[in-house]
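**Q** This is the structure I want to talk about, given as C-alpha cells.
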Amino acid sequence: MRSVSIIGAGITKFGEHWERSFRELVVEAGIKALQDAGIEGKQIQALYGGCMASGMFIGQEHIGALIADQLGLNPIPSTRVEAACASGGVALRNAYLAVASGAYDIVAVGGVEKMTEVSTTIATQALGGAGDEETELFFGATFPALYALMARRHMEEYGTTEDQLAMVSVKNHKNACLNPYAQFQKEISVEDVLNSGYVASPLKLLDCSPITDGAAALILCETNLARKICERPVEVVASAQASDSLALANRKSLTELRATKIAAREIYEKTGLKPKDISFAEVHDCFTIAEILAIEDLGFFEKGYGGKATEKGLTALNSEISINPSGGLKGKGHPVGATGVAQAVEAYLQLRGAAGKRQVKDASFGLTHNVGGSGATVVIHVFKAIEGKR
Ligand code: COA
C-alpha cells in the first residue's frame, strides 16, 4: 500500500443556509480545496462524496455524478458514499484506499448535507433511517431517544451525571466560538444546558447536535507526489472501519460502541501509537453522551471515567488531550454527510498550525472518529504533518 497525504482542504460555514443551495455549498467547498492545493480540476482523477439522505432533505439523489458535474470534473468517476452520519468518513476512507492501492494518484473527497429545507419532523425521520427500522423507528424511537438510552445506562453503571453531560456541551460551544466556520458562536453555561428542556430524558436541547447545512472537501495525493507539489502535506497515517448491529437491542453493552473499540485497536496496532500519543481528536459528539463514550472507547480515559475527565477539564483545548477543538458536532454543527470530511479538514488545519485561535499547541498526531447511526458504522483516521517542497 502506498502512503497518502492531504494537500488541500475547503469548508463552508456550517449553519442554516436559507439563501444557498446544496449545489452552491458543494461548489464552494470543492473550489476552496482545489485552490488550497494549488491544482486544477483536470488533475483530479476520481471523486468520492459523502452524503446521507439528500433524497429526503432536498429530493435529489445521484449525488456522485451531480457533484462532479457542478465542479466541472466530468467525466471522472464520481461515487456517492452513504453510511449515515459516517458517510463523510467512509468517503474519505474509500478515497484513501483508492490512492493507497495505486488506482489513482490524486482524488477529491467531498461531504455535504442540506438539512434545513425540511421541517424538524421530516429531518428526524430522515436521521432515524440510520437506526433499525423494524425494532426502533417503527416503534417511534428517534436518535435523541436512542442516545438517551445509552446515557441513562452510563449514568446507572458509572455514576455519570447530567452536569457532566452538560460540561461536554459547554466545552464544545466554547471551542466553537474560536472557529469562524462553526454554527454556534455563543458560550453557554451548565445551567443553560440543564434548563434547555428535555428532548429525550436525560438529554436536553443543548445536549444535542443541531440540524445543519454545510459542505467540506479534501484533496488526497500519493505522498511522494504530495511532497513535490505541497509545502506541508498532512499524511493519513492510518485508516480503520468497523461495523455493528443497527439495533441497540442486539448489542451486548449500551455503554460502549464496540465498533469504535475494534477500529481503534486496529489503528493502534497498525501505527504502534498509544492513545497518549494523540494530541487532539475530533470525535463524534452527536449527543453529549456520545463524546463521553468516544473518549473512553478510543482509550483516552478508562471506561466509566469520561464524565469525570470532562468535569476535571482534561478534554478542554490544550489540556491533557484536546477533544473537539473545532467545536465538534455540538458546537460546529452536524451536516450529517459532511461531518466526517469536516473532521479531517480540522485535523489538516491543526497539524499545519493553521487553526487560528483554537490552535492545539505542539500538535503531533490528530485523530478523527466518525460514527454512523448509534454506532453501526465507525471510521477512524490518524494524521500527521510531514515535510513537503521547500
Ligand atoms: N443546539 C443548540 N441550539 C439549538 C439546537 C441545538 N441542537 N437545536 C436548535 N437550537 C436552537 C435554534 O438555533 C433556535 O434558536 P433561536 O430561537 O435563537 O433561533 C432554537 O433552538 C429553536 O430551534 P428549532 O429549530 O425550532 O429546534 P427544534 O426543536 O426544531 O430542533 C432538536 C431541536 C434537538 C430536535 C434538533 O436540533 C435535533 O433533532 N437535533 C439532533 C440531530 C440529530 O439527531 N443528528 C443526528 C445524530 S446521530
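**Q** Considering only protein heavy atoms, what per residue accessible area in square angstrom results for the chain with a 1.4 angstrom probe?
**A** Numbers: 14680 Å² over 390 residues.
Accessible area per residue, the chain: 38 Å².
**Q** Quick one: P(r) of the range 286-325 from all Cα-Cα pairs, 10 Å bins, percents rounded to integers, in order of increasing distance.
**A** The percentages, shortest bin first, are 34, 63, 3.
**Q** Can I ask one more? Note down the magnitude of the dipole of the chain about its Cα centre, charges +1 on Lys and Arg C-beta and -1 on Asp and Glu C-beta and zero elsewhere, to the nearest 20 debye. Provide the component values of the computation, followed by the final result.
**A** Working: 38 positive and 44 negative charges, 233 e Å.
Rounded to the nearest 20 debye, it is 1120 debye.
**Q** Viscosity 1.306 mPa s, temperature 10 °C: give me the Stokes-Einstein translational D for the range 110-235 in µm²/s, with Rh taken as the Kirkwood radius over C-alpha pairs.
**A** The estimated diffusion coefficient comes to 91 µm²/s.
**Q** Of the peptides 200-206, 232-238, 75-81, how do they stack up when ordered by the mean number of other Cβ atoms within 10 Å, highest first? It would help to have the intermediate numbers written out before the result.
**A** Details: 200-206: 19.9, 232-238: 22.3, 75-81: 18.3.
Going from most to least packed, we get 232-238, 200-206, 75-81.
**Q** Cβ under 10 Å from Val236's Cβ, Val236 left aside: what net charge do those residues give with Lys, Arg +1 and Asp, Glu -1?
**A** Details: positive: Arg93, Lys384; negative: Glu235.
Overall, the nearby charge balance is +1.
**Q** Taking all protein chains together and a probe of 1.4 Å, list Met167, Met115 from the most accessible to the least accessible.
**A** On the way: Met167 45, Met115 0 Å².
Per-residue accessible area, sorted high to low, gives Met167, Met115.
**Q** So how tilted is helix 143-158 from the main axis of the chain? Cα-based, degrees 0 to 90, rounded to 10.
**A** For helix 143-158, the angle is close to 60 degrees.
**Q** Once you have the Cα-Cα distance between Thr121 and Lys274, take 0.36 nm times their residue separation minus that, and quote the gain in nm to one decimal. Please list the in-between numbers first.
**A** Working: separation 153, 0.36 × 153 = 55.08 nm, distance 4.23 nm.
Extra length from Thr121 to Lys274 when fully extended: 50.8 nm.
**Q** Can I ask one more? Give me the net charge for the shell around Arg153: Cβ to Cβ below 15 angstrom, other residues only, Lys and Arg +1, Asp and Glu -1. The partial results should precede the final answer.
**A** Working: positive: Arg152, Arg251, Lys252, Arg258, Lys303; negative: Glu156, Glu157, Glu162, Glu256, Glu296, Asp297.
Charge balance near Arg153 sits at -1.
**Q** For Arg227, what accessible area in Å² do you get when you roll a 1.4 Å probe over the heavy atoms of the protein chains, rounding to the nearest 10?
**A** 100
**Q** Which residue fluctuates the most in the chain, going by a Gaussian network model with Cα springs under 10 Å, if the choices are Gly375, Gly64, Gly159?
**A** Gly159
**Q** Provide the net charge surrounding Ala182, with neighbours chosen by a C-beta distance below 15 Å and charges set as Lys +1, Arg +1, Asp -1, Glu -1.
**A** For residues surrounding Ala182, the net value is +2.
**Q** Each residue of the range 213-223 in order: what ³J(HN,Hα) in whole Hz does its phi give by Karplus 6.51 cos²θ - 1.76 cosθ + 1.60, θ = phi - 60°, with x for Gly and Pro?
**A** Calculated HN-Hα couplings, in order: 9, x, 9, 8, 8, 9, 10, 9, 8, 4, 5 Hz.
**Q** Determine the calculated [θ] at 222 nm for the chain from helices alone, applying -39500 (n - 2.57) to every DSSP H run no shorter than 4 residues and normalising by the residue count; nearest 500 deg cm²/dmol. Provide the component values of the computation, followed by the final result.
**A** Values: 14 runs with 143 residues, N = 390.
The per-residue figure over the chain is -11000 deg cm²/dmol.
**Q** If you don't mind, there's one more thing I want to ask. For the range 167-305, what D do you get in µm² per second when you plug the Kirkwood radius from alpha-carbon pairs into Stokes-Einstein at 10 °C and 1.306 mPa s? Display every interim value, and only then the final one.
**A** Numbers: Rh = 17.8 Å.
Calculated translational D: 89 µm²/s.
**Q** Considering all projection directions equally, how large on average is the shadow of the alpha-carbon convex hull of the range 29-185, in square nanometres? If you can, show how the numbers build up before the last one.
**A** Working: hull surface 49.9 nm².
Directional mean of the projected Cα hull area for the range 29-185 stands at 12.5 nm².
**Q** Using the alpha-carbon atoms, what tilt in degrees (0 to 90, nearest 10) does helix 258-271 show relative to the longest principal axis of the chain?
**A** Rounded to the nearest ten degrees, it is 40.
**Q** Please compute the modelled spin-label separation between Glu266 and Asn74, points set 7 Å along Cα→Cβ, answer in nm with one decimal.
**A** Result: 3.6 nm between the two label points.
**Q** For Lys384, list the lysines whose Cα falls under 18 Å from its own Cα; do not include residues on the same chain fewer than 8 positions away.
**A** Lys228, Lys270, Lys274, Lys276, Lys361
**Q** Moving on. Please list, or write none, the aspartates and glutamates whose alpha carbon is within less than 12 Å of the alpha carbon of Lys252, excluding same-chain residues fewer than 8 places away.
**A** Partners within reach: Asp244.
**Q** Here is a further query. Label points 7 Å out from Cα along the Cβ direction at Lys303 and Ile31: separation in nm?
**A** Taking the simple label geometry, Lys303 and Ile31 are separated by 5.0 nm.
**Q** Listed highest first by mean packing, meaning other Cβ atoms within 10 Å per residue, what order do 137-146, 22-31, 362-371 come in?
**A** Working: 137-146: 17.3, 22-31: 21.9, 362-371: 24.0.
Order by mean packing, descending: 362-371, 22-31, 137-146.
**Q** Any idea what angle helix 339-351 forms with the longest principal axis of the chain, computed on alpha-carbon atoms, 0 to 90 degrees, nearest 10?
**A** Rounded to the nearest ten degrees, it is 70.
**Q** Counting only Cα, what are the radius of gyration and maximum Cα-Cα distance Dmax of the chain, in Å?
**A** My reading of the Cα-based Rg and Dmax gives 19.1, 60 Å.
**Q** Please give the contour-minus-distance gain from Phe138 to Glu387: 0.36 nm per residue of separation, less the Cα-Cα distance, rounded to one decimal in nm. The partial results should precede the final answer.
**A** Working: separation 249, 0.36 × 249 = 89.64 nm, distance 5.24 nm.
Roughly 84.4 nm would be gained on extension.
**Q** Another question about this same structure. On a full-extension model of 0.36 nm per residue, what is the gain between Ser101 and Asp163, subtracting their alpha-carbon distance, rounded to one decimal in nm? Provide the component values of the computation, followed by the final result.
**A** Numbers: separation 62, 0.36 × 62 = 22.32 nm, distance 4.69 nm.
Once the chain is fully extended between Ser101 and Asp163, it gains 17.6 nm.
**Q** So, one more: What part of the accessible area of the range 127-191, given as a whole %, is carbon or sulfur when the probe is 1.4 angstrom?
**A** Carbon plus sulfur share of accessible area: 56 percent.
**Q** Compute the Rg to Rh ratio over the range 1-77 from the alpha carbon atoms, using the Kirkwood formula for Rh, and round to two decimal places. Please list the in-between numbers first.
**A** Details: Rg = 13.5 Å, Rh = 13.7 Å.
Answer for the range 1-77: 0.98.
**Q** Using a ≥ b ≥ c from the Cα gyration tensor of the range 253-347 (square roots of the eigenvalues), is it rounded, prolate or oblate, where a/c under 1.5 gives rounded and otherwise the larger of a/b and b/c decides, a/b for prolate?
**A** Working: a/c = 1.24, a/b = 1.13, b/c = 1.10.
It comes out rounded by the Cα gyration axes.
The values are calculated or read from the model by the stated rules, or taken from the named source; none is laboratory data. Note that the structure is predicted; figures quoted are calculated from it, not measured. No Cβ is skipped: glycine too gets one built from the backbone with ideal geometry, and neighbour counts run over all protein chains shown. For accessibility, only protein heavy atoms count, side chains too; no ligands or nucleic acids. Shrake-Rupley method; radii C 1.70, N 1.55, O 1.52, S 1.80 Å.
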